[in-house]
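K.L.:
There's a structure below that I have some questions on.
The values are calculated or read from the model by the stated rules, or taken from the named source; none is laboratory data. Every value quoted in this text rests on a predicted model; they were computed, and no experiment measured them. In this analysis, Cβ positions are derived from the backbone assuming ideal geometry, glycine residues included, and neighbour counts consider all displayed protein chains. Please note that ligands, DNA and RNA were not included when accessible areas were found on the heavy atoms of the full protein model with its side chains. Shrake-Rupley method; radii C 1.70, N 1.55, O 1.52, S 1.80 Å.
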Amino acid sequence: MRITQLSLYQQQMYENRKQYANLAESQLGSTTGTRVNTAEDDPNNAAQLVRLATDKERSKQYQRNIQDGLDRLQTTDNALSRIDQILTSARAKAVSGGTDSITDDDRQKIATDLDQILNDLVATVNQQSDGRYLFGGATNDKPPLQITKADDGTITQITMNWEEIATPVLRDIGDGEEVSVTASPLMFRSDDSGTAPDVFTELIRLRDDLRGNGTTTQVTTHLDAIDKYRAKVNGTQAQVGEWVNQLNAADIRWKDRDLRITDQTSKLQDWDTAEIIMKYKQAETSYSSSLQMTSQIFNLSLLKYLS
């Protein structure tokens with residue numbers, strides 16, 4: 001009889017431990033608000049949560065790439081607008097210098113103005129964004145424009161290493177999807193042959209024609225070339241706008257995916273407040289009942305022993 005009572009008591013102690021574990025789990029859930037605190041709580045849900053966390057991090061990385069690309073393209077767009085303004089000023093100088101009514105001194109002053117315009121153009125093309133040259137392509141060890149100056153500081157030559165800067169900088173914005181975030185420097189060339197003058201050479205020749213008192217025809221021949229370069233700059237700016245639209249569209253997709261991942265994660269991990277409170281109260285009641293049963297068994301066993 002004593003062995004039977006002992007067995008019964010051991011079974012009840014096991015039941016106590018089980019009910020206490022349920023109570024502790026419910027209490028933890030009500031405190032943290034989460035269903036899965038360790039993998040042992042729910043291995044299936046835990047595995048899904050790991051997968052969702054991985055997806056979330058991938059999404060965040062793509063969003064960081066997108067934001068980096070947007071920042072760079074915004075700076076590039078501003079630079080292109082500035083370049084267009086510089087070329088517009090150069091054109092106005094060519095128009096003024098190409099009239100027959102101005103004096104030689106006036107032309108010298110316009111030539112000096114063009115020196116400043118050249119310096120502004122070089123500074124804009126060689127500018128950096130977050131430590132990278134805007135128009136340097138994938139190459140970043142030196143500025144895209146190399147300058148040669150006379151003893152008086154006047155720019156005599158501007159060269160651009162076209163081959164080194166031709167490789168664009170790309171950003172991954174999705175699985176198998178990437179976007180260029182660098183404007184092509186080819187807009188500064190009159191054609192792709194590499195033998196025709198570039199915009200820098202064109203402006204230097206315009207300045208030299210003015211400084212050397214070139215004929216009206218010599219000065220005004222630069223107008224068409226400047227207009228073509230402005231058209232190329234404007235076309236590049238339109239391309240930048242398309243890339244910005246592509247990045248914004250990708251950003252919307254990933255932010256929408258983030259919301260869905262968050263919702264799925266919440267359903268797997270988060271307790272409903274009313275549900276966990278009810279679960280805790282049920283566990284508390286079950287544990288209390290188990291303790292009462294243990295007390296009854298213990299008292300009954302002691303009574304039989306004494307009798």
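K.L.:
Inside region 104-121, can you point out the residues that are touching a residue at least 40 places away in the same chain (Cβ under 8 Å) and not charged (D, E, K, R)?
P.N.:
Those that are touching a residue at least 40 places away in the same chain (Cβ under 8 Å) and not charged (D, E, K, R): 108, 110, 111, 114, 117, 118, 121.
K.L.:
Something else about it: What pairs come up if the first residue lies in region 67-88 and is within 24 Å of residue 253 (Cα to Cα) and of a type in the set (Phe, Trp, Tyr), the second is assigned to a helix (DSSP H, G or I) and open to solvent by 70 Å² or more (accessible area, probe 1.4 Å), and their beta carbons are under 8 Å apart, counting only those six or more places apart or on different chains?
P.N.:
Once the first residue is within 24 Å of residue 253 (Cα to Cα) and of a type in the set (Phe, Trp, Tyr) and sits in region 67-88, no partner that is assigned to a helix (DSSP H, G or I) and open to solvent by 70 Å² or more (accessible area, probe 1.4 Å) comes close enough.
K.L.:
Please state which one of 173, 158 is closer than 23 Å to residue 85 by Cβ and surrounded by 15 or more Cβ atoms within 10 Å (Cβ to Cβ).
P.N.:
The conditions single out 158.
K.L.:
Restricting attention to region 176-196, and to residues there that are open to solvent by 40 Å² or more (accessible area, probe 1.4 Å) and in a loop (DSSP other than H, G, I, E, B), which single residue is modelled with the lowest pLDDT?
P.N.:
Ranking the qualifying residues of region 176-196, first place goes to 194.
K.L.:
Going by what's in this entry, would residue 99 be described as outside any helix (DSSP H, G or I), out of contact with any His (no Cβ under 7 Å at 6 or more places or on another chain) and open to solvent by 60 Å² or more (accessible area, probe 1.4 Å)?
P.N.:
When the stated conditions are applied, residue 99 does not pass them.
K.L.:
Another one. Can you tell me which residue within region 134-157, out of those that are in a loop (DSSP other than H, G, I, E, B) and hydroxyl-bearing (Ser, Thr, Tyr), is farthest from residue 72 (Cα to Cα)?
P.N.:
154
K.L.:
Condition first: outside any helix (DSSP H, G or I), in contact with a strand residue (DSSP E or B) (Cβ under 8 Å, 6 or more places away or on another chain) and buried (at least 17 other Cβ atoms within 10 Å of the Cβ). Can you find one or more residues in region 210-222 that meet it?
P.N.:
no
K.L.:
May I pose another question? Considering each of 247, 268 in turn, give the residue that is farther than 30 Å from residue 90 by Cα, modelled with pLDDT of 90 or more and surrounded by 16 or more Cβ atoms within 10 Å (Cβ to Cβ).
P.N.:
247 is the lone residue from the list that is farther than 30 Å from residue 90 by Cα, modelled with pLDDT of 90 or more and surrounded by 16 or more Cβ atoms within 10 Å (Cβ to Cβ).
K.L.:
Restricting to region 137-153, and then to whatever is in contact with a helix residue (DSSP H, G or I) (Cβ under 6 Å, 6 or more places away or on another chain), of a type outside the set (A, V, I, L, M) and over 19 Å from residue 65 (Cβ atoms), can you tell me which residue is least open to solvent (accessible area, probe 1.4 Å)?
P.N.:
Here the residue is 144.
K.L.:
From 83, 66, 117, grab the single residue that is modelled with pLDDT of 95 or more, in contact with an Asp or Glu (Cβ under 7 Å, 6 or more places away or on another chain) and part of a helix (DSSP H, G or I).
P.N.:
Just a single option satisfies the conditions, and that option is 66.
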